[in-house]
Amino acid sequence: MRKILNILICLAFAFGAKAQQEQIYIHSNGSVIYQNGTSDVENMQFSGHSTIINAQQGNSTISITSIDSITFGRPVLPPPSDMVIITYNGNDVQVENPFSGAGVTVSHNNANVVINSTKSDVTYRLTGSSPNGSIVFGSNSDFTLQLYELNLSSSTTSAIDIITEVTAEVILTHESSLSDGADGEQKGTFTTSGTLLFNQDFGTLTIIANKKHGINAEGDVQLMCGNIHIESADNDGIHCNSFLEAGGTLIISETGSDGIDCSSDFTMQYGSITITSTEEDVKSIKANGTIRINGGT
């Protein structure tokens, strides 16, 4: 009861001052298990041993006993001087690369960018808009990818293609969109040879896949927070090795094949998933391994 009272006091203060506090974070065992904008959260209800969060982007259910703390604020992101910034402007790009002599090379042909990196722990910010742009990442180590109001479309390739077996931590800031065309040999609009970890911020990414999958990962896809809306996909919405959702919102509206297709396991702990399948003989969730649903909606 004391824990519930402390949470209620915290929430009353936060929602009364939501103009100053932009994000709500719920923590468990040192990790953020739920994140959303305070203006998006309509209310939180306590029922039995569960906390039900009603939000505009979807509802989430979290066990009260798993909540360590609730905090408010914005994620701490690297300052612009500590990141590579790619700004798309129609058929051209502007590159700010503070690591040009430290292992990061950036080249581009019109709005098609290629990055090769031997430097670890680099943050890349992609921003701006292009009707015919793309980016290819080749990195020896894990990196952070911030999509900051990015609107990127490629007619013959993936909009974003990570060609090395690394983990890319993807931060969705504000609203971004990716799309591809029906031509080309791409396996997805957002593809990787490694793992995608959607973490930290609660922005929105909209994907339209005209050739094949919305997200194609030879490794894993992990959604910790953020909104992903795969508006349409010619094949699977998400095609990956294993899928984990521990927060955030996933909406897959229309697919030519399965909603989520996992070569291994599917696990859901928190957050919400909405999949609309209209084709014959397709699955909303398909896994060749184990399907575990421990929470969420």
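The values are calculated or read from the model by the stated rules, or taken from the named source; none is laboratory data. What you see is a predicted model, and the numbers here were worked out from it, not measured in a lab. Here the Cβ positions follow ideal geometry from the backbone for every residue, glycine too, while neighbour counts run over all protein chains shown. We work out accessible area using only protein heavy atoms, side chains counted, and drop any ligands, DNA or RNA first. Shrake-Rupley method; radii C 1.70, N 1.55, O 1.52, S 1.80 Å.
Assorted remarks:
- Checked against the criteria, Asn89 counts as at pLDDT 95 or above and not basic (Lys, Arg).
- Selected residue (criterion: nearest to Leu172 (Cα to Cα)) from residues of region 126-144 that are surrounded by 23 or more Cβ atoms within 10 Å (Cβ to Cβ) and aliphatic (A, V, I, L, M): Leu126
- Total residues in region 27-70, condition in contact with a Cys (Cβ under 6 Å, 6 or more places away or on another chain), at pLDDT 75 or above and closer than 18 Å to Leu223 by Cβ: 0
- Counting only strands (runs of 3 or more DSSP E) that fall entirely inside region 234-297 and contain at least 1 residues that are of a type in the set (Gly, Ala, Ser) and more than 23 Å from Gly194 (Cβ to Cβ), the qualifying elements are 266-275.
- Residue match in region 41-57 (condition: over 22 Å from the mean Cα position of the chain (by Cα) and within 16 Å of Ala159 (Cβ to Cβ)): no
- Failed item, numbered, when Thr255 is tested on (1) farther than 27 Å from Glu280 by Cβ; (2) buried (at least 24 other Cβ atoms within 10 Å of the Cβ): (1)
- The condition (being in contact (Cβ under 8 Å) with a residue 60 or more places away in the chain, of a type in the set (A, V, I, L, M, F, W, C) and surrounded by 19 or more Cβ atoms within 10 Å (Cβ to Cβ)) is satisfied by just one residue among Cys225, Cys262, Cys240: Cys225.
- In region 175-189, the residues that are within 9 Å of Ala209 (Cβ to Cβ) and at pLDDT 95 or above reach residues that are open to solvent by 40 Å² or more (accessible area, probe 1.4 Å) and part of a strand (DSSP E or B) with C-beta atoms within less than 6 angstrom, at least six apart or across chains, in these pairs: Ser179/Ile208.
- Looking only at region 274-297, and only at residues there that are closer than 15 Å to Ala233 by Cβ and either within 16 Å of the chain's Cα centre (by Cα) or hydrophobic (A, V, I, L, M, F, W, C) (or both), the one that is most open to solvent (accessible area, probe 1.4 Å): Thr274
- Residues that are open to solvent by less than 10 Å² (accessible area, probe 1.4 Å) and part of a loop (DSSP other than H, G, I, E, B) within region 193-216 comprise Gly194, Asp201, Gly203, listed in sequence order.
- Taking the criterion of being open to solvent by 30 Å² or more (accessible area, probe 1.4 Å) and under 17 Å from Asp261 (Cα atoms), the only residue of region 157-192 that qualifies is Lys187.
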